């Protein structure tokens, strides 16, 4: 009996509508088994093969596979010499890791408010937040909808600032002919369990800057000049530590799971677009529900499908959905109102009112490329009954 024949795939229990279900299967099992045959199971050829496929897909010169998007953002900040005493402008409408990566680098996150219909950083608010301490802008492509990177780049160039994209939701996205990583210094991605491209835990960083790429390679593995794979290929040679680095390298085993998914990224995007379109058409007549706005000349990567309802009803609706066997989550509460940021940053309600309103009213409903269309009808029927007009 082979290892693959013992693999238990994701449950198909139809009594409950899950928030997410991965589509990993036999191609990933076979790739993982093949990676196990290599004597190098840490970062090696399989990881390099994935990095080549990923950079080709994005249209960037370089990509590095790492352990998380959080690590990727920390690495990018370090490689750009951003640290103690510096400020990085970002959005409060995102996962906490966007801000904590800045803190981990020793810098200070400076929040600005967001667009009311997309939840993305409001580029028109950025300039007012720039000070002599500002060193970078860190926009987030929320839910897969890209920020206007041409506008961000123009502000950054005017003030000589770096740009690092939190593209955790946006592998497949584009806007005005621009992909993540093409106009920024670096773009950072997540391969977390529920992401469009996943290995359970993982991430990547993409850049067009070769000098920056070399610094990132060093930072990814303790600042060492040689990896275990290098030494296995070349024979032992002494290595040196030439700068401060961390342990952020992704293994061959993780990369092996990612490689087969590259073959169906675009097909899965089409499936998500179909399901998002059905959601939008079914929800449009229901009073009391809004969905994320669209932008022309854009491809939304559609990591999640969110709705906005009255804040006073949000938690009750989540509870009612769960009672009906429909799982949902919140992506995200505004960062600055979490206790840690209130205590350390002195933030309070009213500081970023649009982000606060969206964070208090958002719900992410079940959404994944193999989601049965009848489940979307079930979710929307439940929302029509539950959500107050």
Looking at (1) buried (at least 19 other Cβ atoms within 10 Å of the Cβ); (2) in a helix (DSSP H, G or I); (3) in the same structural domain as residue 33 (by TED's automatic domain parsing), which is the one condition that is false for residue 205? (2)
Name the residue, out of 38, 81, 13, that is assigned by TED's automatic domain parsing to the domain that holds residue 220, surrounded by fewer than 20 Cβ atoms within 10 Å (Cβ to Cβ), at pLDDT below 95 and assigned to a loop (DSSP other than H, G, I, E, B). 38
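Table: residues versus (1) closer than 26 Å to residue 196 by Cα; (2) outside the structural domain of residue 168 (by TED's automatic domain parsing); (3) out of contact with any helix residue (DSSP H, G or I) (no Cβ under 7 Å at 6 or more places or on another chain).
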position: 293; (1), (2), (3): yes, yes, yes
position: 316; (1), (2), (3): no, yes, yes
position: 326; (1), (2), (3): yes, yes, no
position: 335; (1), (2), (3): yes, yes, no
position: 342; (1), (2), (3): no, yes, yes
position: 365; (1), (2), (3): yes, yes, no
position: 368; (1), (2), (3): yes, yes, yes
position: 372; (1), (2), (3): yes, yes, yes
Of all residues in segment 358-379, how many are in contact (Cβ under 8 Å) with a residue 60 or more places away in the chain, in a helix (DSSP H, G or I) and surrounded by fewer than 22 Cβ atoms within 10 Å (Cβ to Cβ)? 4
Of all residues in segment 87-109, which are surrounded by fewer than 24 Cβ atoms within 10 Å (Cβ to Cβ) and over 17 Å from residue 76 (Cβ atoms)? 96
Filtered residue count, segment 164-184, keeping only those that are surrounded by fewer than 20 Cβ atoms within 10 Å (Cβ to Cβ) and touching a strand residue (DSSP E or B) at 6+ places or on another chain (Cβ under 6 Å): 1
Residue 314 outside any helix (DSSP H, G or I) and buried (at least 17 other Cβ atoms within 10 Å of the Cβ): no
Return the total of residues in segment 110-138 being in contact (Cβ under 8 Å) with a residue 60 or more places away in the chain and either part of a strand (DSSP E or B) or in the same structural domain as residue 351 (by TED's automatic domain parsing) (or both). 3
State the number of residues belonging to segment 298-311 that are surrounded by fewer than 20 Cβ atoms within 10 Å (Cβ to Cβ) and over 27 Å from residue 197 (Cα atoms). 2
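Name the residue, out of 245, 200, that is in a loop (DSSP other than H, G, I, E, B), crowded, with 19+ Cβ neighbours inside 10 Å and not assigned by TED's automatic domain parsing to the domain that holds residue 305. Before you say what the answer is, go through the steps one by one.
On the way: 200 fails: crowded, with 19+ Cβ neighbours inside 10 Å.
Sole residue among the options that is in a loop (DSSP other than H, G, I, E, B), crowded, with 19+ Cβ neighbours inside 10 Å and not assigned by TED's automatic domain parsing to the domain that holds residue 305: 245.
Would you confirm, using the coordinates I've provided, whether residue 58 is in contact (Cβ under 8 Å) with a residue 24 or more places away in the chain, in the same structural domain as residue 137 (by TED's automatic domain parsing) and over 30 Å from residue 325 (Cβ atoms)?
Numbers: in contact (Cβ under 8 Å) with a residue 24 or more places away in the chain: yes; in the same structural domain as residue 137 (by TED's automatic domain parsing): yes; over 30 Å from residue 325 (Cβ atoms): yes.
Yes; evaluated as a whole, the condition is true for this residue.
Counting only residues that are in a helix (DSSP H, G or I) and touching a residue at least 12 places away in the same chain (Cβ under 8 Å), which one in segment 275-311 is farthest from residue 374 (Cα to Cα)? Even if it seems obvious, please write down each step before you answer.
Taking segment 275-311 as the starting set, the residues that turn out to be in a helix (DSSP H, G or I) are 275-283, 311.
Checking which are touching a residue at least 12 places away in the same chain (Cβ under 8 Å) leaves us with 275-276, 278-279, 282-283, 311.
Working: 275: 10, 276: 13, 278: 10, 279: 11, 282: 12, 283: 14, 311: 28 Å.
The extreme case among them is 311.
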Failed item in (1) more than 25 Å from the chain's Cα centre (by Cα); (2) in a helix (DSSP H, G or I), with residue 349 passing the rest: (2)
Can you pull out the residues in segment 269-297 that are surrounded by 15 or more Cβ atoms within 10 Å (Cβ to Cβ) and either under 14 Å from residue 120 (Cα atoms) or modelled with pLDDT under 95 (or both)? 291, 292, 295
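The values are calculated or read from the model by the stated rules, or taken from the named source; none is laboratory data. No experiment lies behind these values; they were computed from the predicted model shown. Cβ sites come from the backbone with ideal geometry, for glycine too, and all protein chains shown count toward neighbours.
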